Amino acid sequence: MDWTDTWRDAFRTELRAEAVGFARHGWPVVPGSYPRGSHWVGRSSSLRADMRYHGAIPVHADWAQLAGCGPERVAELWSRHPFSVLLATGMGIDALDLPAELGRATAIGLRVTGIPVPIAATPTGRWLFPVIGAGALHFELAEHPDVLLHSRGGWVPLPPSPCLPGVVHWRIKPEMCGWQLPRLDEVTDAVLAALDEVRPLAVR
């Protein structure tokens with residue numbers, strides 16, 4: 001990704017607008033680090049990056065307190081830098097994180113059963129399914145290291161956050177689902193059904 005100053009300044013406006021939009025719909029978003037050349041800007045030394053996202057982590061030590069702060073405050077937070085947009089999970093919304101092949105099969109199953117669900121994808125091959133929070137991961141899925149549930153104390157990047165070597169993008173946008181989220185068990189049922197259609201995942 002070519003992070004020239006001109007490109008970065010233009011992209012900042014888009015990231016800010018998206019962050020404000022999420023906040024208006026009650027999604028708890030916080031600013032995340034962003035790439036400049038081969039380096040990441042804004043990474044807190046107290047946090048470790050999840051390598052699936054190549055370094056996108058909250059830039060504020062009090063990020064958990066900032067989550068859900070409302071559209072006006074969110075607009076201020078993104079006013080000067082092209083911060084990534086991170087969803088703070090465990091605050092009403094969690095995120096089921098699947099490898100692309102399993103994510104694709106799960107999405108097909110959800111579509112067949114008529115369950116609307118926003119789906120984001122990263123250029124590193126992960127599909128993210130936001131769900132209503134407070135659920136627990138099914139024991140069969142908990143045994144697979146490639147299936148993750150991001151909940152309390154976690155975060156995931158939302159579109160159009162940078163994620164080397166590209167950006168996070170929507171497979172299904174939230175507005176296509178009326179900004180409604182499914183329960184975790186609804187998505188879990190589709191994942192379990194999809195497991196028979198994809199190659200076996202490694203078990204711990």
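Using mean Cβ contacts within 10 Å as the protection proxy, how do 110-121, 74-85, 169-180 order, highest first?
Ranking the peptides 110-121, 74-85, 169-180 by packing returns 74-85, 110-121, 169-180.
Based on the Cβ-Cβ distance from residue 65 to residue 143, what FRET efficiency comes out when R0 is 41 Å, to the nearest 0.05?
The computed FRET efficiency comes out at 0.75.
State the extension gain, in nm to one decimal, for the chain segment bounded by residue 136 and residue 124, taking 0.36 nm per residue of separation less the distance between their alpha-carbons.
1.8 nm
Roll a 1.4 angstrom probe over the protein heavy atoms and tell me the percent of accessible area of region 96-204 that is carbon or sulfur.
55 percent
Among 95-103, 134-142, how do they line up by average Cβ neighbours within 10 Å per residue, starting with the highest?
In descending order of packing, they fall as 95-103, 134-142.
Taking a probe of 1.4 Å, how large is the accessible area per residue of region 116-204, in Å²?
About 48 Å² of surface per residue is accessible.
Note down the nm distance, to one decimal, between modelled labels 7 Å out along Cα→Cβ at residue 73 and at residue 197.
4.2 nm
The values are calculated or read from the model by the stated rules, or taken from the named source; none is laboratory data. Not measured: the values here are computed from a predicted model. Positions of Cβ are generated from backbone atoms using ideal geometry, with glycine treated the same way; all protein chains shown enter the neighbour counts. We work out accessible area using only protein heavy atoms, side chains counted, and drop any ligands, DNA or RNA first. Shrake-Rupley method; radii C 1.70, N 1.55, O 1.52, S 1.80 Å.
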